[in-house]
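This report concerns only the one structure given below.
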Amino acid sequence: MKKQLMVVDDSRMMELQICKLLEGTEFEVAAYCENGEEAIERYEEVQPDLVTMDVIMPGIDGLETAQIILEEHPEAKIVMVSSLDDEDTIHEAKAVGTKRFLHKPIEREDLLRTLEQAMA
C-alpha cells in the first residue's frame, strides 16, 4: 500500500508537480489543501502518512498550521516546502517540530529522499 501524502500549498501547480514527481514511487497524493485552515480541518479525516506544507500562504501560514496540527496530532510527519532560504525560517520549522525542510524548486530525487527521511 502506498504512503498517503497531503499537500498543503496555495498553488495548485505545486500539487500537480508533486503528483507528477511521485509517479511510480511508494508515495501518492491523497489530499490537497489550499490553505492552513483547510489543512487543520482535513488532517484528521485524511490521516496522511506525511504532509508537505508551504510556508507562505494566505490566512494562517504554514509554520502556524504545522504547529496546530502537531499539537493535536503529535505523531504527524510534516515536511516544510518553501522558496524561502533563510536560517530563521528553517530554525522555526524545526522548533515547531516538523521533520524536514525542502527548498523550491523541487527535484524528484530531493523530494523522495526528504519524504523517506521524514518517514524514518
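Residues whose amide H falls under 5 Å from that of residue 56, counting only those 5 or more places apart or on a different chain, are 62, with hydrogens built in the peptide plane. Between rounded, prolate and oblate, where does the chain land on the alpha carbon gyration tensor, with a ≥ b ≥ c its root eigenvalues, rounded for a/c under 1.5, else prolate if a/b exceeds b/c? Rounded shape, in that the Cα axes give a/c under 1.5. Shown in residue order for the range 31-38 are the 3J(HN,Hα) couplings computed by the Karplus curve 6.51 cos²θ - 1.76 cosθ + 1.60 at θ = phi - 60°: 7, 10, 10, 7, 7, x, 4, 5 Hz (x for Gly and Pro). Summed over qualifying helices (DSSP H, 4 residues or more, each -39500 (n - 2.57)) and divided by its residue number, the chain shows a 222 nm mean residue ellipticity of -13500 deg cm²/dmol.
For the range 7-51, what class follows from the C-alpha gyration tensor (a ≥ b ≥ c being the square roots of its eigenvalues): rounded when a/c is under 1.5, otherwise prolate if a/b is larger than b/c, else oblate? Because a/c hits 1.5 or more and a/b fails to exceed b/c, the range 7-51 counts as oblate. The residues of the chain expose on average 53 square angstrom of accessible surface per residue, using a 1.4 Å probe on protein heavy atoms. Projected label points at residue 10 and residue 56, each 7 Å from Cα along the beta carbon direction, are separated by 0.9 nanometres.
Exceedance of the 20 Å cut-off in Cα-Cα distance is limited, within the set 2/104; 20/104; 2/77; 2/94, to 2/104; 2/94.
Across the options 76, 55, 96, the greatest Cα extent toward the positive end of the charge dipole of the chain (unit charges at beta carbon of Lys, Arg, Asp, Glu) belongs to 76.
Once R0 is set to 25 Å, what does the formula 1/(1 + (r/R0)^6) return for the Cβ-Cβ distance between residue 41 and residue 20, expressed as a FRET efficiency to the nearest 0.05? Using R0 = 25 Å, I get an efficiency of 0.40. Here the range 38-66 and the range 2-35 have alpha carbon centers that stand 13 Å from each other. Each residue of the range 107-120 was assigned a 3J(HN,Hα) from its phi angle through the Karplus expression (A = 6.51, B = -1.76, C = 1.60, θ = phi - 60°), giving 9, 3, 4, 5, 4, 5, 4, 5, 5, 4, 5, 5, 6, 5 Hz with x at Gly and Pro.
Summing +1 for each Lys or Arg and -1 for each Asp or Glu among the other residues whose beta-carbon sits under 14 angstrom from that of residue 73 gives -4. Out of all DSSP beta bridges with both ends in the range 41-120, state the antiparallel percent to the nearest 5. Beta bridges within the range 41-120, antiparallel portion: roughly 0 percent. Here the gap between residue 91 and residue 116, fully extended at 0.36 nm per residue and compared with their Cα-Cα distance, gives a gain of 6.9 nm.
Per-atom-type breakdown for the chain gives carbon and sulfur 46% of the accessible area (1.4 Å probe, protein chains only). Please give the net charge around residue 92, taking every other residue with its beta carbon less than 13 angstrom from that of residue 92, where Lys and Arg add +1 and Asp and Glu add -1. Here the count lands on -4.
The values are calculated or read from the model by the stated rules, or taken from the named source; none is laboratory data. These numbers were taken from a predicted model, which means no experiment stands behind them. Don't worry about glycine lacking a Cβ; one is built from the backbone with ideal geometry, like all the others, and counts go over all protein chains shown. Just so you know, the surface numbers come from the protein's heavy atoms only, side chains and all, with ligands and any DNA or RNA stripped out. Shrake-Rupley method; radii C 1.70, N 1.55, O 1.52, S 1.80 Å.
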